[in-house]
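The values are calculated or read from the model by the stated rules, or taken from the named source; none is laboratory data. Bear in mind that the values here come from a model prediction, so they are computed numbers and not experimental data. Heads up, the Cβs are rebuilt from the backbone with ideal geometry, glycines too, and the neighbour counts pull from every protein chain shown. SASA here: full protein model, heavy atoms, side chains in, ligands and nucleic acids out. Shrake-Rupley method; radii C 1.70, N 1.55, O 1.52, S 1.80 Å.
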Amino acid sequence: MAHFHCSGSYAGFLKLAARLLRYSVSWKSSFLFAGIMLVVVIFEHLLVFSEPVAIRIGYGVVLLLVLIILGGWFFRGRGTNRRGAVLGWPGGIRLMALAFAMMIVVAFAIVMPVQVFLSNHLSPPP
């Protein structure tokens, strides 16, 4: 069930990025790519599950680049720009880069306050 919610979040970020760039992307395409992305991310997590943290971070960076390129390819013909022309590779890459940038900003906006809260309330007293 949690993966379905993640898929919906990915689709929402794609639609928001498209709106900010004044692109048009269908919900169907957004959810389809979110599903593809979810499968790729789960597969990557299974591959690196027992690897050291440094290796997993490296694979995560490579995965991000692969997903941006895959998304650029996927949306190159499935979206249109503000003039109604298909996005092509540059527009697809721009859409994916903005969507991932927004996801990263939101993740840090949530993680950092939680980390500070937990470190202040769960650390042993001096």
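Element breakdown for the range 22-126 at a 1.4 angstrom probe: carbon and sulfur atoms account for 74% of the accessible area. Across GLY88, GLY60, GLY71, mean-square fluctuation computed from a Gaussian network of the chain (C-alpha pairs under 10 Å connected) peaks at GLY60. When you filter the chymotrypsin sites (Phe, Trp or Tyr not before Pro) in the range 27-126 for DSSP loop state and at most 11 other Cβ atoms inside 10 Å of their Cβ, you are left with PHE49.
For the range 38-100, what is the convex hull (Cα atoms) projected area averaged across all directions, in square nanometres? Show your work: numbers first, answer last.
Details: hull surface 17.9 nm².
Across all orientations, the range 38-100 yields a mean hull projection of 4.5 nm².
At 1.4 Å probe radius, can you tell me the per residue accessible area of the chain in Å²? Before the final figure, lay out each step's value.
Working: 8460 Å² over 126 residues.
Each residue of the chain exposes 67 Å² on average to a 1.4 Å probe.
Give the dimensionless ratio obtained when the Cα radius of gyration of the chain is divided by 2.2 N^0.38 Å.
1.24
So which trypsin sites (Lys or Arg not before Pro) in the range 66-108 pass both tests, a DSSP loop state and at most 16 other Cβ atoms within 10 Å of the Cβ? Passing both the DSSP loop test and the Cβ count: ARG82, ARG83. Here is the list for the range 1-75: trypsin sites (Lys or Arg not before Pro) lying in DSSP coil, each with at most 15 other C-beta atoms within 10 angstrom of its C-beta, are ARG22.
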